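The values are calculated or read from the model by the stated rules, or taken from the named source; none is laboratory data. Please read these numbers as outputs of a predicted model, since none were measured by experiment. No Cβ is skipped: glycine too gets one built from the backbone with ideal geometry, and neighbour counts run over all protein chains shown. SASA here: full protein model, heavy atoms, side chains in, ligands and nucleic acids out. Shrake-Rupley method; radii C 1.70, N 1.55, O 1.52, S 1.80 Å.
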Amino acid sequence: MRRALRLAQNALGCTRPNPPVGAVVVKDGQIIGEGFHACAGQPHAEVVALNACTVPPRGATLYVTLEPCCTHGRTPPCTERIIKEGLARVVVACHDENACHCGRGLDLLKKQGIEVVFGVCEAEAKELVRPFFKHVTSGHPFVTLKLALTLDGRIADRTGASKWITGEAARGVVQKMRKGADAILVGAGTVCADNPSLLYRGKGGEKLMRVIVDSSGRTSARATVLTDEAAHRTIMATSAETSQKTIKAWTRNGATVWTFTTDRVGHIPLRKLLQRLGKAGYMHILCEGGGTLAGALHDARLVDEYCLFYAPAILGDGTALSGFSGKGVRMKNLDRLELRSVKRIGDDLLVRLYPRCGCK
């Protein structure tokens, strides 16, 4: 099963609106076939693994990270192929929370006399498909908030300079996070200050979208996200009052503009933006700041996972930019998160946290 989980990692960021899944076929103690679901519309992991078998799989065991589907979609149900091949045993890590499948595929296999083992590496498998589960059950994307901070909680100095707070190793981890996401979300301030590309630099990130929240229309039409070869993968989320001249300039190279009625203080309604992204099929959004956007997402209880990279450094400047520029709370209402892991990345620390149950 751990091999199947590693295979599924290859598909992160490529399968929307489907989940990443890996599968391994074992016969007489030997792996005879394996594979993963590469993208929507292509064969599911179970079928890829069965197609790859070097000997007939009759009587073999299938290990799969997610419950096999039992309904017709873009592809036939995997349960149908499993039964046809005469597999003797299916080992499944976790259920599919899609109501169309949850438990039904396993029941069908049992009725056909196939032994089913459930729950092997279940926690790891659920972690892998959390964005899919969030999307399929709520229609909303899963939001990871990533910030690089000094020990005193600053993401840039008083001039807005932020390169580089964390080291090269931490930036490499962020690249992997980008590969696993469907879209990168930042505020206009980040684009104006840093002019980033927000792309994954390796292979496999060709579908990664960029979403820029700009209620005032201040992003330059010459920004990298609007002029590079991936400009058609940029969405500008802006106010309905943004001028047509600005919108025309933004879209010159293929970018898309979504307009929203702003709230009473002129901000883009983030919940509605995420709803629209979810409806468009985006499962996993990686927010890379800045502080105003991070604070607004936190205040609105829209963050599913916090990934905070802390550098062993202190700015010591009360006017430097804070990682969370939100409304804030009094001490009695202090937001306490659930600590999931702390990991050293080079000279930096990656702290992963979830909202506590009942806080969202």
* Asked: Among the residues of the stretch 11-26, is there at least one that is surrounded by fewer than 18 Cβ atoms within 10 Å (Cβ to Cβ), touching a strand residue (DSSP E or B) at 6+ places or on another chain (Cβ under 7 Å) and either over 24 Å from Met177 (Cα atoms) or modelled with pLDDT of 95 or more (or both)?
  -> no
* Return the pairs, sorted by first residue and then second, in which the second residue is open to solvent by 20 Å² or more (accessible area, probe 1.4 Å) and in a loop (DSSP other than H, G, I, E, B), the first residue lies in the stretch 204-229 and is within 24 Å of Ala280 (Cα to Cα) and in contact (Cβ under 8 Å) with a residue 40 or more places away in the chain, the beta carbons are less than 6 Å apart, and the residues are 6+ apart or on different chains. => Leu208/Tyr200; Ser215/Thr262; Ser215/Gly266; Ser215/His267
* the stretch 299-311: number of residues that are open to solvent by 30 Å² or more (accessible area, probe 1.4 Å) and under 22 Å from Lys134 (Cα atoms) -> 3
* Structure fact -> How many residues of the stretch 234-261 are open to solvent by less than 40 Å² (accessible area, probe 1.4 Å) and either under 20 Å from Ile285 (Cβ atoms) or aromatic (Phe, Trp, Tyr) (or both)? The answer is 10
* Only one of (1) out of contact with any strand residue (DSSP E or B) (no Cβ under 9 Å at 6 or more places or on another chain); (2) more than 24 Å from Val191 (Cα to Cα) is not met by Ala300, so which one is it? -> (2)
* Asked: How many residues does the stretch 205-216 hold that are modelled with pLDDT of 95 or more and either among the acidic types (Asp, Glu) or surrounded by fewer than 19 Cβ atoms within 10 Å (Cβ to Cβ) (or both)?
  -> 1
* Check on Val91, among the hydrophobic types (A, V, I, L, M, F, W, C) and either over 22 Å from the mean Cα position of the chain (by Cα) or farther than 23 Å from Tyr354 by Cα (or both) -> yes
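Strands (runs of 3 or more DSSP E) wholly in the stretch 242-355 with at least 2 residues that are closer than 23 Å to Arg154 by Cβ - which ones?
Numbers: elements: 256-260, 284-287, 305-310, 338-345, 348-354.
Answer list for the stretch 242-355: 284-287, 305-310, 338-345, 348-354.
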* Among (1) among the aromatic types (Phe, Trp, Tyr); (2) under 27 Å from Ser138 (Cβ atoms); (3) in contact (Cβ under 8 Å) with a residue 60 or more places away in the chain, where does Tyr354 come up short? -> (3)
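Show me the strands (runs of 3 or more DSSP E) found entirely inside the stretch 105-198 where at least 1 residues are surrounded by fewer than 18 Cβ atoms within 10 Å (Cβ to Cβ). Steps first, answer last, please.
On the way: elements: 115-118, 142-149, 154-156, 183-187.
Once the strands (runs of 3 or more DSSP E) in the stretch 105-198 are filtered for at least 1 residues that are surrounded by fewer than 18 Cβ atoms within 10 Å (Cβ to Cβ), what remains is 115-118.
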* Any pair with Cβ under 9 angstrom, 6 or more apart, that starts in the stretch 140-161 at a residue that is touching a residue at least 12 places away in the same chain (Cβ under 8 Å) and of a type in the set (D, E, K, R) and ends at one that is open to solvent by 50 Å² or more (accessible area, probe 1.4 Å) and part of a strand (DSSP E or B) -> Arg154/Leu321; Asp157/Leu321; Arg158/Leu321
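Return the residues of the stretch 271-311 that are under 23 Å from Lys327 (Cα atoms) and without any contact (Cβ under 8 Å) to a residue 60 or more places away in the chain; say none if nothing qualifies. Walk me through how you get there before you give the answer.
Going through the stretch 271-311, the residues under 23 Å from Lys327 (Cα atoms) turn out to be 271-275, 285-310.
Result: Arg271, Lys272, Gly295, Ala296, Asp299, Ala300, Arg301.
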* To do: May I ask you to list pairs of residues, at least six apart or on different chains, whose Cβ atoms are under 7 Å apart, with the first in the stretch 321-343 being within 21 Å of Tyr354 (Cβ to Cβ) and the second being at pLDDT below 75 and assigned to a loop (DSSP other than H, G, I, E, B)?
  => Asp335/Val329
